[in-house]
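Single-structure report; data block below.
The values are calculated or read from the model by the stated rules, or taken from the named source; none is laboratory data. As the structure is a computational prediction, the values presented were derived from the model and not from experiment. Virtual Cβ from ideal backbone geometry, glycine too; neighbours counted across all protein chains shown.
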Amino acid sequence: MKTLFLAPLSLLAFCSVLFLSSCDKDDKVKICHKGKIILVDFESVPDHQGHGDAVDKDNDGYFDRDNACGEVDCDDTNPDANPGANNCGDPCSITDFELLNATCTDPNPTYDLQLRITYENAPAAGTLDVSIDGAVTSFPIGTSPQIVNVFGLPPTGVGVDVSASFSADPACQLAVADLYEAPDCGIL
């Protein structure tokens, strides 16, 4: 009687250790075996892993280790995280600012700014937040390089600090002190 009780328990423990998305005995597990995807019973998985086969633990079509069947899953415990969902690539980075134009406006003593921002791997949601001397303006995320326009800036005639980040990934940022000199627009 003990053996009958321990066998299902060890199968459940095995499934939990592998983080398999299903532990139903009737389900099969995808294995990359000699360059081909095969389906095996849960009980066969350790033997396949023992000779180097890759396992698709979260059943999303990507495997837990380097294999001949496709890309390696960046998180084989989460079916929503995989190379096919484009959410395991390189981290976000903002790489460059380029001042395109700083134009004085009439009759108000302000200037308008046009700035090109270059970035890689931007978040899929949120905003691109640009700070000009501490005043933040938010923009929908476009494609890189992205041109942004900021209006009504004070014409100080001194160096301007610029920074940018993404609301969905604040760690993805670039800050440059004195990126450009603000026009004085004839008021100084």
Some residue of the range 113-120 being touching a residue at least 12 places away in the same chain (Cβ under 8 Å), under 28 Å from VAL72 (Cβ atoms) and outside any strand (DSSP E or B):
no
Scanning the range 152-168 for residues that are surrounded by 17 or more Cβ atoms within 10 Å (Cβ to Cβ) and either modelled with pLDDT of 95 or more or within 33 Å of the chain's Cα centre (by Cα) (or both) gives LEU153, VAL160, VAL162, SER163, ALA164, SER165, PHE166
Mind checking whether some residue in the range 162-169 is on the phi < 0 side of the Ramachandran plot and part of a loop (DSSP other than H, G, I, E, B)?
yes
Go through the range 74-98 and give me each residue that's among the acidic types (Asp, Glu) and at pLDDT 85 or above.
ASP96, GLU98
May I ask you to list the residues in the range 16-32 that are under 20 Å from CYS74 (Cα atoms) and either modelled with pLDDT under 90 or more than 28 Å from the chain's Cα centre (by Cα) (or both)?
SER16, VAL17, LEU18, PHE19, LEU20, SER21, SER22, VAL29
When the range 137-185 is examined, which residues are found to be within 23 Å of TYR111 (Cβ to Cβ), touching a residue at least 24 places away in the same chain (Cβ under 8 Å) and β-branched (Val, Ile, Thr)?
ILE147, VAL148, VAL150, THR156, VAL158, VAL160, VAL162, VAL176
